[in-house]
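Note sheet for the following structure.
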Amino acid sequence: MQDTSDALHVAVVEDDPRIQQLISAEIRDEGHTCEAFVSAEAFLQASDHNRFDLVLLDLMLPGMNGIDCLRNLHLCPDVTTPRVVIVTALNDAEKKREALENGAEAYVLKPDLFEQLPGLLKSMPAH
């Protein structure tokens, strides 16, 4: 567990409640705070008045998809853009390229997430 001054505030944007719960629990177990959202729209609305250090963003969401959410996030001039990691089941080179070109720091497949999450959290500085 980390010192609270090093704790990250993480947004989990995932429409599958079971996966959302597992990711959120792991983030809390690592000593960080997190808020979960079932849609890109709900996350973008919350990001207007919440500061997130890291966003774990699914690609395939109801309504706005993860790539469009990423683009919209970078269009908000009054918001400090958090670091974004795409978390998806979609192993697609074109989607990965598109996500990275639009500002994602990493593209992680869901089966690999729990192995990589502690390292991702440690590599992200808190604001």
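All of the numbers you see were taken from the coordinates with simple rules; none came from a lab. From a predicted model like this one, the values you see are computed outputs, not experimental measurements. In this analysis, Cβ positions are derived from the backbone assuming ideal geometry, glycine residues included, and neighbour counts consider all displayed protein chains.
Brief remarks on what is shown
- Number of residues in the range 67-122 that are without any contact (Cβ under 8 Å) to a residue 24 or more places away in the chain, of a type in the set (Gly, Ala, Ser) and surrounded by 13 or more Cβ atoms within 10 Å (Cβ to Cβ) equals 1.
- Inter-residue pairs, beta-carbon under 8 Å, first within 16 Å of Ser39 (Cβ to Cβ) and in the range 6-24, second polar (S, T, N, Q) and assigned to a helix (DSSP H, G or I), 6+ apart: Ala11/Ser47; Val12/Gln20; Val12/Ser24; Glu14/Gln20
- Wholly enclosed strands (runs of 3 or more DSSP E) of the range 11-109 bearing at least 2 residues within 18 Å of Gly119 (Cβ to Cβ): 54-57, 83-88, 106-109
- Residues of the range 43-66 satisfying the condition of being more than 15 Å from Val12 (Cα to Cα) and crowded, with 22+ Cβ neighbours inside 10 Å: none
- The range 32-52 residues that are over 23 Å from Ser123 (Cβ atoms), paired with ones that are of a type in the set (Phe, Trp, Tyr) (beta carbon under 8 Å, 6 or more apart): Ala46/Phe37
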